[in-house]
């Protein structure tokens, strides 16, 4: 089977490319930086492409299935949620229908749907999901919880935060998440590419069980070989201020939008991942052993037992400010 993977150099896309090739499929890699793949397309959803033009390219390349893994965590000068998540994919999906493509698999986000309209990120994903469901082709929409593993910008951010000598928590860090490893998401996508019969389904996906934000960061610390930190609950108004400051810095992981998504939590109502894999998903602790977390900044420091609580709090606040100033 020949599969077009959009966003092939990102965290999810790269894992999907590897999973499909390992199962014997031909892959066309499409991204803004397509690299040295044998068959690659330059793809930038920020630039409009008419559906008929997409149809021509898909027919000429004899593409059977399209997998869209393109996504951004925050808008930038050249990339807007509306173009990258909605208008660009919609043009591609309509072109796929015109070309007679067998199936389209759309990687969306958990939280899309009722209650997610207050988020520009989720609303833009929903527009593409809804349009896809109206087209005369087979489709599957996947809405994963937090994805971690190689190339994950959010995993690098969490590893960086977890390695701090004092770990700041939004509120008390009780937000509920259900992280899943990108390799297992890619395996599920590969199985859907191969599945016989019509799909036309929406699947919510997550790891084996929910964890709190604090529990997740504790798992990252354990994977990094670090002991118990000083946990530093930060009032949400202060976290929102820090998110606004970070939002103007040259980084892609922490912004008011991503903080809002964290506040909402990310736990599937019904987790389809065990069914798609045919087994229970990998637990976070094991997943972090398979793909060790890589902090963006080395924050390791040893503190004497005699250091006062006030000194530790001061160091923790300074560490958070330093991270905001240096994050990339």
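The values are calculated or read from the model by the stated rules, or taken from the named source; none is laboratory data. Everything numeric here is computed off the predicted structure, so don't read it as measured data. With ideal geometry, Cβ positions are generated from the backbone for all residues, glycine too; neighbour counts draw on all protein chains shown.
Some observations on this one:
- Search result, residues across region 190-221 that are closer than 15 Å to residue 274 by Cβ and in a helix (DSSP H, G or I): 191, 192
- Among the residues of region 23-59, the ones that are farther than 18 Å from residue 87 by Cα and either in contact (Cβ under 8 Å) with a residue 60 or more places away in the chain or in a strand (DSSP E or B) (or both) come to 8 in all.
- Unmet requirement for residue 134, which otherwise passes all of (1) touching a strand residue (DSSP E or B) at 6+ places or on another chain (Cβ under 8 Å); (2) surrounded by fewer than 24 Cβ atoms within 10 Å (Cβ to Cβ): (1)
- Unique residue being buried (at least 22 other Cβ atoms within 10 Å of the Cβ) and in contact with a helix residue (DSSP H, G or I) (Cβ under 9 Å, 6 or more places away or on another chain) when the list is 14, 55: 14
- Listed by first and then second residue, the pairs linking a residue in region 180-204 that is within 15 Å of residue 102 (Cα to Cα) to a residue that is at pLDDT below 95, with Cβ atoms under 7 Å apart and 6 or more places separating them unless they lie on different chains, are 193/1.
- Residue check for residue 70: under 30 Å from residue 259 (Cβ atoms), in contact with a helix residue (DSSP H, G or I) (Cβ under 7 Å, 6 or more places away or on another chain) and buried (at least 18 other Cβ atoms within 10 Å of the Cβ): yes
- Note on region 100-183: enclosed strands (runs of 3 or more DSSP E) holding 2 or more residues that are at pLDDT below 95 are 166-170.
- Filter result for residue 5 (part of a helix (DSSP H, G or I) and in contact (Cβ under 8 Å) with a residue 60 or more places away in the chain): no
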